[in-house]
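Below is one structure, written out as structure tokens, with a few remarks after it.
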Amino acid sequence: MVFDPVMAGIVTGVFLLVILVFFVFSVSKKKKAVSAYTEKVTAADKLLEDGDIESALNAYVDIVVDVSLKEAPEVYGHIKNNIGICYRKLALGDEKEKYLKKAKSAYADALTVFKFKDRPYDYGMVNMNLGNTCWALYELTAAETDLIEAISAFEAAVTAYNLNDDALKYGSIQNSLALAYRALSEFKDRDENLSRAATAFTEALKGRTDHEHPREYGITHNSLGHTLWELSRYKDRQENLSKAAESFEEALKVRTVVTDPGDYAETQANLGNVYCDLSEVGNRAGFLNKAIDAYEEAIKVRTYVDFPAEYGMLQNNLGSAYGALAELQDKSGNLQKAILAFKETLKVYTFETSPMDYAMAQINVANAYFLYAESTEKEVNLKLAIFAYKEALKVYIPEQTPDEYFKTQLTLGNAYNSLSELTDKEQNIMKAIRSYERAIKMPLVEKYPAKYASMLFTLGNMCFNLSFIDNKEDNLIKAQQAYESAMSFLVEEENPVRYAEIRNKIEAISQMQQQHRN
């Protein structure tokens, strides 16, 4: 949560006015002109407080022309700061970039007066306003330079505030600084800037307690958790994932389904993602079960009716977690749950509205059915898997999605091959061969050498088996060609068993061909 720049500016204006009045009373006998400034500035401040922004701006602009920077620096700084506030308010309407740049210039002018050594509070507040303005410009332009200037201003601002004296403001600035560093990580030095963001979020929490500032506490812990989750992809994976989970759990102490359902669901979804990643590091079943619990909690809020997009994503993640858990325990039961979740995803992702997401969901359904066929109703589940793979291939085409097309044709071939062991042997082997041949034609051999080798070996087996049913000579030749191609991917010393198996297959084919000719 970025500290409110408009409110920050108004507080600045009030404080500066107090200083100004004190200054005027102490020297009014010598500086009657300053007294005149005071009356005009007070009137302009009243216009600003009443919401008459344009009138206030015009008044400030008229006054500042006559203000001597040397004789009345506080007045000058006060006016320039409030001019910045006026432009920030005008930027809420049209011509945002124009007014934000003018606000930025005004705050920079104010900082020529307010130095940390002499006026630390004002120095900090104006830098906060400047930082928020640069951040707003960044959100508008996505320019790295605006982001860097925001960071510079926030870093200057935070030096002016003591945690013990103004904890909430200290926390707000640190939170803003953290958001800026996280955004900068998208441009450069990914892990370094994410680390800086995590440090700043941690500092922000020193000024935000769960009892006194529950909303800010929850926001910052959620942001810290997300930052640590991202950082885990670059360094200290287990440590950062564990810290991310702890941070999300802390956020959930104040983000409840009753008081903050939207924030509660967001944090539960984030927590589920982190637990899924932690399951790849250790305690696989334990973390997958925690991930499932978190996703199911999020789904209680992110319903299909109210939040279809989020619902679809959560159901997809839930299905993936159940699918992974099926490898460890209750295979049949967890695959059933995975299938149900993926089917819920397909309520959201349709071929017409979200073709790529639709294809992804169909692949997930197909893979789950394929694995489920190993446990029960093999023929039925294989046919359901085949149907889903074919649905995905309505989207995945060689020209646009070559990798997905290759992988789907490969898995479709596997499904047909397995089905051939149960029914319509020749027909399903032929379909499997056609799928493999389509996959083999894709120019991806350098990218997936192991998959090509495995596929060619299986293709050889299918052609070999088909030779006992039809076109013996032709199918034996195809089998031999496939085996020889598969062998070309292998080094005998590294894969002695498979290499010997293929060589024996080729020798057997040669003997069969000789017998067939005789």
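For the stretch 465-500, a residue qualifies if it is of a type in the set (D, E), assigned to a helix (DSSP H, G or I) and under 24 Å from K425 (Cα atoms), and the qualifying residues are E473, D474. Residues that are among the small types (G, A, S), buried (at least 16 other Cβ atoms within 10 Å of the Cβ) and under 44 Å from the mean Cα position of the chain (by Cα) within the stretch 479-502 comprise A482, S485, A486, listed in sequence order. The set of residues in the stretch 282-307 that are of a type in the set (V, I, T) and farther than 16 Å from D330 by Cβ comprises I299, V301, T303, V305. When the test is whether a residue is under 16 Å from the mean Cα position of the chain (by Cα), surrounded by fewer than 22 Cβ atoms within 10 Å (Cβ to Cβ) and at pLDDT 95 or above, E246 does not pass it. Every test in (1) free of Cβ contacts under 8 Å to residues at least 24 places away in the same chain; (2) over 17 Å from F342 (Cα atoms); (3) not hydrophobic (A, V, I, L, M, F, W, C) is passed by E296 save one, and that test is (2).
With respect to G272, determine if the residue is within 21 Å of M313 (Cα to Cα) and in contact with a helix residue (DSSP H, G or I) (Cβ under 7 Å, 6 or more places away or on another chain).
Judged against the criteria, G272 is a match.
Under the condition of being under 18 Å from H226 (Cβ atoms) and part of a helix (DSSP H, G or I), the residues counted in the stretch 258-286 number 17. Test K505 against the criterion of being touching a residue at least 12 places away in the same chain (Cβ under 8 Å), touching a helix residue (DSSP H, G or I) at 6+ places or on another chain (Cβ under 7 Å) and either farther than 20 Å from T408 by Cα or surrounded by 18 or more Cβ atoms within 10 Å (Cβ to Cβ) (or both), and give yes or no. Criteria met by K505.
S152 passes every criterion in (1) small (G, A, S); (2) crowded, with 19+ Cβ neighbours inside 10 Å; (3) assigned to a helix (DSSP H, G or I) apart from (2). Can you name every residue in the stretch 47-78 that is surrounded by 13 or more Cβ atoms within 10 Å (Cβ to Cβ) and over 21 Å from F114 (Cα atoms)? L47, L48, D52, I53, S55, A56, N58, A59, listed by residue number. Looking only at residues that are among the basic types (K, R) and in contact (Cβ under 8 Å) with a residue 40 or more places away in the chain in the stretch 189-206, which one is farthest from W229 (Cα to Cα)? Of everything passing the filter in the stretch 189-206, K206 is farthest from W229 (Cα to Cα).
Would you say D470 is surrounded by fewer than 20 Cβ atoms within 10 Å (Cβ to Cβ), of a type outside the set (V, I, T) and touching a residue at least 12 places away in the same chain (Cβ under 8 Å)? If you could, list the steps in order and put the result at the bottom.
On the way: surrounded by fewer than 20 Cβ atoms within 10 Å (Cβ to Cβ): yes; of a type outside the set (V, I, T): yes; touching a residue at least 12 places away in the same chain (Cβ under 8 Å): yes.
Judged against the criteria, D470 is a match.
Scanning the stretch 74-127 for residues that are closer than 25 Å to D166 by Cβ, assigned to a loop (DSSP other than H, G, I, E, B) and under 37 Å from the mean Cα position of the chain (by Cα) returns a single hit, L111.
Here is a yes/no grid of residues against (1) among the charged types (D, E, K, R); (2) more than 19 Å from P449 (Cα to Cα):
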| position | (1), (2) |
| --- | --- |
| I469 | no, yes |
| D474 | yes, yes |
| A482 | no, no |
| L490 | no, no |
| R498 | yes, no |
| I509 | no, yes |
| Q513 | no, yes |
| R517 | yes, yes |
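Could you go through the stretch 226-247 and let me know if any residue there is touching a Pro at 6+ places or on another chain (Cβ under 7 Å), in the same structural domain as D191 (by TED's automatic domain parsing) and without any contact (Cβ under 8 Å) to a residue 60 or more places away in the chain.
The answer is no; no qualifying residue exists.
Pairing residues of the stretch 95-120 that are of a type in the set (A, V, I, L, M, F, W, C) with residues that are assigned to a loop (DSSP other than H, G, I, E, B) and crowded, with 20+ Cβ neighbours inside 10 Å, at Cβ distances under 6 Å and at least 6 apart in sequence or on separate chains, gives L100/A91. Name the single residue that is farthest from V301 (Cα to Cα) among those in the stretch 249-288 being of a type in the set (A, V, I, L, M, F, W, C) and surrounded by fewer than 19 Cβ atoms within 10 Å (Cβ to Cβ). The qualifying residue farthest from V301 (Cα to Cα) is V281.
The values are calculated or read from the model by the stated rules, or taken from the named source; none is laboratory data. None of the values given here were measured: they were computed from a predicted structure. So basically every Cβ, Gly included, is an ideal-geometry build from the backbone, and we count neighbours across all protein chains shown.
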